[in-house]
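The values are calculated or read from the model by the stated rules, or taken from the named source; none is laboratory data. Since the model is a prediction, treat every value here as computed from it, not as a measurement. Note that each Cβ is placed from the backbone with ideal geometry, even for glycine, and that neighbours are counted across all protein chains shown. Ligands, DNA and RNA are excluded from the accessible area calculation, which covers all protein heavy atoms including side chains. Shrake-Rupley method; radii C 1.70, N 1.55, O 1.52, S 1.80 Å.
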Amino acid sequence: MYISIYTSIIVFSGILISSTRCEALSRREITSYLLNASRYDANIVPDFDEEFPTNVTIQITIHDMHSISEAKMEYSIDVYLRMWWRDPRLDFTANTTSDTKLELDSKNTDNVWQPDIFFPNEKRAYVHTVTSTNKLMHIFRNGTVVYSVRLSLSLGCTMLLQYYPFDSQQCSIDIQSFGYTNDNIKLHWHERQGIITDHLEMPQFTLLEDEIVTNDYEYRYSATGTFSALKANLVMTRKVGFYFLQVFVPSILLVVLSWVSFWVDPNAVPARVSLGVTCVLTMTTQSSGIRQSLPPVSYVKAIDIWMFVCLLFVFAALLEFAYVNVLQRAKSKKTTRSEVSNEENDMKPFNKSGTDGQTAAKRADMISRVLFPLSFFLFLVIFFCVCGFAPHPKPDQ
């Protein structure tokens with residue numbers, strides 16, 4: 001009896017000593033124990049032997065958006081990618097009660113299993129490494145892992161430019177598991193999904209938080225199976241201030257400048273010809289510069305209609321002078337009766353015909369002074385009402 005009581009005391013004392021030692025473990029010892037290769041394999045999914053997949057919660061925060069290229073059909077963003085998942089193998093609740101989490105160095109993050117997600121519409125991407133690799137990993141007591149990384153991504157975006165530059169574009173951020181099917185990994189958006197930061201500013205577009213649509217979906221491959229995926233649709237509205245200052249206002253001034261020839265005397269042929277040709281060449285150069293920044297799409301854009309009509313008005317002003325000049329010369333060269341031999345009788349019809357030519361030319365210029373501005377003003381009203389200020393359909397969300 002005494003022997004059994006003595007044995008019980010020794011066992012109980014051992015348990016107390018062991019418990020005291022466990023509570024006194026340092027963070028380094030806990031980390032070494034949890035990530036020991038003999039008990040933890042970073043190449044296996046946490047719930048690999050279970051009948052349910054590992055739930056991975058994802059959050060993306062865009063803190064900078066730049067280099068939106070219509071010609072390349074892509075846009076570049078700097079993001080913080082954060083992921084949460086629970087790995088029961090990393091549960092250290094029984095080991096300590098004082099520390100709530102372990103903070104791993106970026107060099108040790110590869111020793112912990114991580115979801116193999118990728119961006120299907122990615123063209124270029126890299127992880128920031130200045131001054132060290134921008135990675136963060138925290139392990140909580142219940143085995144929950146928080147992983148954060150700073151990325152720069154160049155993502156493809158198919159843009160519809162029919163209303164350019166009064167357009168709105170929808171570009172997506174696609175996330176998908178690459179190697180694990182739905183049987184092993186299930187992706188979810190974070191319940192507090194914050195896509196953009198408050199200070200996000202773009203020179204060409206406006207991106208609003210309430211226009212962002214996030215959803216979960218599955219992508220099925222016939223050969224490999226069904227994979228969990230996420231999508232965030234970013235609807236960006238283009239700012240037109242730059243185009244008013246650099247495109248529309250100069251074009252309007254060139255068209256108005258071409259009308260100056262209507263007030264120049266029809267006999268000043270060099271002045272009117274040089275003015276008309278200069279306006280045509282300038283408008284052609286401006287149109288060519290705009291096309292260089294856009295892709296060679298097969299459909300007609302709003303900016304194409306604008307540049308074509310402005311060039312048409314400038315060219316029509318040049319043709320108007322050609323018509324006035326021909327009209328003046330035709331009436332001035334009106335043949336007189338060759339049978340009249342008296343010099344005085346021959347001069348009267350010539351002078352009268354010359355007066356008729358000048359009058360007809362001036363009358364054509366006077367009509368053009370009214371007809372051209374009214375026609376161009378009507379075009380401005382129709383163009384900006386249809387393309388600029390009227391609500392046009394946004395990309396499907």
Along the stretch 253-258, Karplus-curve 3J(HN,Hα) (6.51, -1.76, 1.60; θ = phi - 60°) to the nearest Hz, with x for Gly and Pro, reads 5, 5, 5, 5, 4, 5
Between the stretch 144-202 and the stretch 273-287, how many Å separate their Cα centres? 45
Once phi is turned into θ = phi - 60°, what whole-Hz ³J(HN,Hα) does the Karplus curve with 6.51, -1.76 and 1.60 give for every residue of the stretch 30-40, x standing for Gly and Pro? 5, 4, 5, 5, 5, 9, 5, 5, 6, 10, 10
Which listed pairs, of K239/K301; K72/K239; K72/K123; K72/K135, have C-alpha distances above 21 Å, in listed order: K72/K135
Taking amide hydrogens as modeled 1.01 Å from N in the peptide plane, which residues meet the under 5 Å criterion relative to T197, leaving out close sequence neighbours? I62
Percent accessible area from carbon and sulfur atoms, the stretch 250-295, protein chains only, probe 1.4 Å: 73
For E29, E70, E51, E103, write out the residues from largest to smallest accessible area, computed with a 1.4 angstrom probe and no ligands counted. E51, E103, E29, E70
Just to confirm, what accessible area per residue do you get for the stretch 101-158 at 1.4 Å probe, in whole Å²? 49
Rounded to the nearest 0.05, what FRET efficiency do D183 and T285 have when you use their Cβ-Cβ distance and R0 = 56 Å? 0.40
Just how much of M83 is accessible, in Å², when a 1.4 Å probe is used and the result is rounded to the nearest 10? 10
Exposure rank, largest accessible area first [L230, L257, L207; 1.4 Å]: L257, L207, L230
As a test of reading the structure, rank W85, W259 by solvent-accessible area (1.4 Å probe, protein chains only), most first. W259, W85
I'd like the accessible area for F315, computed on protein heavy atoms only with a 1.4 Å probe and all protein chains in place. Round to 10 Å², please. 90
Please give the solvent-accessible surface of C171 in Å², to the nearest 10, using a probe radius of 1.4 Å with every protein chain present. 0
